[in-house]
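Heads up: the structure comes next, in structure tokens.
Please treat every number below as a calculation from the coordinates, not as lab data. As the structure is a prediction and not an experimental result, all values here were calculated from the model. We place every Cβ from the backbone using ideal geometry, glycine too, and count neighbours over all the protein chains shown.
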Amino acid sequence: MNKLHLRLLALGLLVLGLGTTWYKVSVIGLPLERDAQTEIWTVEARITLNADDGPTQVGFAIPNNPPGFNVLGEAFVSGRFGLARESDGINRTALWTSRRSSGNQSLYYRIQLADDRADEPITVGAAPEFPERPDYQEPYASAVEALLDEVRAESADIASFTRRLLLRYNSDEPGENVEVLRSGAEDDLEHTRNIIHILAGARIPARPVKVLELSDRLSRGSLKTYFEVHNGTEWVPFNPRSSQRGYPKNAVVWQWGDDDVLRLSGANNASVQFSSAVSAREAVRVAEQRAAQRGSLLMDFSLFNLPIQAQNTYRVLLLVPVGALVMVLMRNVVGISTFGTFMPILIALAFRETQLAWGIFLFTTVVAFGLAIRFYLENLKLLLVPRLGAVLVVVVLLMAAFSVLTHQLGLDQGLSIALFPMVILAMTIERMSLVWEEHGPGQAITQGLGSLAVAIVGYLVMFQPMVEHLVFTFPELLLVILALMLLLGRYTGYRLTELWRFRHLIMNKGAP
Amino acid sequence: MIGWFRKLRDAGVLGMNHRNAEYIMPYNPRCNYPLVDDKIISKQRAEEAGIRVPRLYGVIEIEYQIRGLEKMLGDRKDFVIKPAHGSGGNGIMVITGAQHGRYRRSNGMLVTLEELGHHISNILSGMYSLGGQPDCAIIEQRVEFDPLFDQVSYRGVPDIRTVVFKGVPVMAMVRLPSRMSDGKANLHQGAVGAGLDMGTGRTTTAVHMDRYIDLHPDTGAPIAGLQIPNWDDLLELAARCHELADLGYLGVDIVLDRHEGPMVLELNARPGLSIQLANRASLLHRLRRVEALESIPRSSRERAELARKLFAASQPPEPQIVQCA
């Protein structure tokens, strides 16, 4: 019963810890690896226009959650114009208005986009009605009829129908029918409208889409026209020229539908130029912004929101439980005896600043000197607490002397000794000398080496860059550690060192 | 490696984790620990129950009382100073006599009164107590141990450790100090542990520093076959200690005084596991047999008898003829 309770509790903690981690990785996109980078696109649209005297209004379509991207932020440079943003559920529009402006004006719109791994179907806008079959004029009508019949015979569903149609329509050796259909529709938009018009003959709903194909250091770019057909559940995009299905990797949907991107009143000579650039940014930051966009509270309560100084403290603090786990394993499963329960972890923390080899050297030197002093103090018959204080003073002096000496020799590593927790060192010296007297030097050295060994293992585990990153980014992993500790708390098996201790009992099974 | 773990389990060896989780935690309520950890309390309770313990000469609770040490000692030259909350035999100073105004310790060293005071002050400041809390020092009668073990011990006080489970003694050993242990009867400090046959009270096998031995490492005398006098009474005494502290898993340390017979030296709520090595026997098997008992007799004599019946060796060891010089 008791055991079941414990197991359920541990299981609950495991599920909670791992579940939250999974959510943060797969939905918010926090990276499992350290220093993971995400590509960030900065896209800028520059609108130039020549305003007439009197009021001017500029409507400019701006992206609305483009598929395949996360919007990290957007900015407007409006000059003397007032800015309003409108949305009709499918598209968003930036509406610049000015009561009185004249001459050349420039307006800017900037958006930052991050790649989104999620490959969600496009369902923007209400499901469309089937279009009425248009009243085609001859000879157009019979050409459409013939083409649609051919395509219908070759296809299985709306997507493949559209693809077959595009292949025939864009073919290098078009038949007579297609020649008739193609005539008079040369530019992209006309081309696309024509295709949509033909698709309407098969009662397939379709809409043109204005797309910006991003590339690094793009300048003076312009929008390309794609189109989407609705297959009953989602919109399927196609490239009307290459007949390819789907948007290319770096294409941003700027506007759905047939409307103009730029609508003007009270101005003329307007043009839009697009530019884009790519940069890399820490995946963690991107995930934060992404979570904010999604309105997820999880990142609001994350450690990343703390001031940097507090963050740095927690980077170390959160490693202590990992060290504690190492400690539990070393003591209860391996069976190494150490001075004090968690002293080796504190030593390991100090190793972080001094680096391992120097840390070991400094630690052993100070403890050795300290022990010598402690044995000398023994002769003076001091009371315990004043004696501990005296050892502490000596330890601090030793550390200072060591730093000065190594600095004179030109070794800067000696300076890092100051980060050793000196009270811990003094306690270590005191306990070691006690064990020395009570149990002999053998025991004292064994326990001293045990502490050092556990500290080294603790250091190696705790300060793996991977471990450091994981516990800080996913503090809920500490729940997993908690669960492991609870389970280890009921570990009744043998310790590794007991194999050695009771080896004779195994050799000759003389158990009655 | 796994195979080795399995072998240990098959041999029924009780491991540290297993002991803590399955025996100490469920059977020893934490609130009863002070009864055994504080030697002043356990001494009082033992005396009230009529169990013989070394006589208390005095207690020093505060630093100031150390000044009155000489007065307190009077002309006693034969006493033991120990911490009330000591563990593992630490901080015990045994004085066997006086010479030229100094006291002679059991290891032969001479100490001044001032050094005794310093030792007591260390005890008071918690140097030897669990967790370093301030402590009291006890000055008590030194047990003049029975010459029985003279041949197989090197100074110090040999004692008999019995593990009593739910009031039934399950395993016992004699702990013989060696030169290595500096007169202490602690196995991990280098004392020799000699297993005892529960049926007869004779020593069987022995262990020293986790190694099996037949002869005492310092004196060279054979260890097996020594007969503990009045074994039945001793077992009963151990069984009675169960009622003193109401601890289900208890270690009882008994010394044999030359004049006054068995005395309870101290009780231990976390008795060690080396007793298995000394006896070359599994503690776990025996504990399980006690757990399987339907009922445990109320009287301590019956419980001692039960222990003799349950755990007697199938072949009792041959008695050793002790030659008195």
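Charged neighbours of A:Gly232, selected by a Cβ distance under 14 Å, balance to -3 (K, R count +1; D, E count -1). Put a plus charge on the Cβ of each Lys and Arg, a minus charge on the Cβ of each Asp and Glu, and nothing anywhere else: the dipole of the protein assembly as shown about its Cα centre is then about 3020 debye. Cβ-to-Cβ counts within 10 Å put B:Tyr64, A:Tyr23 in ascending order as B:Tyr64, A:Tyr23, the fewest first.
Cβ under 14 Å from A:Val461's Cβ, A:Val461 left aside: what net charge do those residues give with Lys, Arg +1 and Asp, Glu -1?
0
Most tightly packed first, judged by the mean number of other beta-carbon atoms within 10 Å of their residues, the peptides B:159-166, A:88-95 read B:159-166, A:88-95. For the segment A:486-492, counting C-beta atoms of other chains within 10 Å of every residue's C-beta and taking the mean gives 3.
Size descriptors for region B:234-325: radius of gyration and Dmax over Cα atoms are 15.0, 50 Å. Amide H contacts of B:Ala206 (H built 1.01 Å from N, in plane; Pro and chain starts excluded): B:Gly195, B:Ile213 sit under 5 Å, all sequence-distant by 5 or more or on other chains. Counting Cβ atoms of other protein chains within 10 Å of each Cβ in B:274-287 and taking the mean gives 3.
How far, in degrees from 0 to 90, does helix A:308-317 lean away from the longest principal axis of the Cα atoms of chain A, to the nearest 10? The angle comes out near 50 degrees. The charge dipole of chain B, taken about its Cα centre with unit charges on the Cβ of Lys, Arg, Asp and Glu (plus for the first two, minus for the last two), comes to roughly 640 debye. Ordered by the count of other Cβ atoms within 10 Å of each Cβ, fewest first, B:Tyr154, B:Tyr128, B:Tyr27 give B:Tyr27, B:Tyr154, B:Tyr128.
For region B:55-141, with only Lys/Arg (+1) and Asp/Glu (-1) charged at the beta-carbon, what is the dipole magnitude about the Cα centre, in debye rounded to 20? Intermediate results must be reported in sequence, preceding the final value.
Numbers: 9 positive and 9 negative charges, 54 e Å.
With only Lys, Arg, Asp and Glu charged at Cβ, the dipole is about 260 debye.
Estimated purely from DSSP H runs of n ≥ 4, each contributing -39500 (n - 2.57), the mean residue ellipticity at 222 nm for chain B is -7500 deg cm²/dmol once divided by its residues.
Translational diffusion of chain A, estimated by Stokes-Einstein from the Kirkwood radius over alpha carbon pairs at 37 °C in a medium of 0.692 mPa s, is 110 µm² per second.
Three principal axis extents describe the C-alpha atoms of region A:133-183; from largest down they are 28, 27, 13 Å. Within region A:311-475, the proportion of C-alpha pairs whose separation exceeds 25 Å stands at 35%. Sparsely packed loop sites in region B:257-324 (the trypsin sites (Lys or Arg not before Pro) outside DSSP H, G, I, E and B with at most 16 other Cβ atoms within 10 Å) comprise B:Arg258, B:Arg298. Of the peptides B:221-232, A:319-330, the order by per-residue mean of other Cβ atoms within 10 Å, starting with the highest, comes out as A:319-330, B:221-232. Ranked for footprinting exposure by Cβ neighbours inside 10 Å, fewest first, A:His230, B:His100 give B:His100, A:His230. Toward the positive end of the charge dipole of region A:242-344, with +1 on the Cβ of Lys and Arg and -1 on the Cβ of Asp and Glu, the farthest Cα among A:Thr338, A:Trp256, A:Ser276 is that of A:Thr338. Taking every residue in B:15-23 and counting other chain Cβ atoms within 10 Å of its Cβ, the average works out to 6. Placing dummy labels 7 Å off each Cα toward the beta-carbon, the span from A:Val404 to A:Asp115 is 5.8 nm. Each pair of Cα atoms in region B:55-141 enters the Kirkwood radius, and Stokes-Einstein at 20 °C and 1.002 mPa s then converts it into a translational diffusion coefficient of 168 µm²/s.
Which value in Å is the Kirkwood Rh of chain B over different Cα pairs? One over the average 1/r among Cα pairs gives 20.3 Å for chain B.
Take every pair of alpha-carbon atoms less than 8 Å apart whose residues are at least six positions apart; their mean separation over the length of chain A yields a relative contact order of 20 percent.
Think of region A:107-162 as a dipole: +1 on every Lys or Arg Cβ, -1 on every Asp or Glu Cβ, centred on the Cα centre; then among A:Ala114, A:Ala126, A:Phe161, A:Ala114 lies furthest on the positive end. Placing a label point 7 Å from the Cα of A:Ala390 along the Cα-to-Cβ direction, the residues of region A:350-372 whose backbone N falls under 19 Å of that point are A:367-372.
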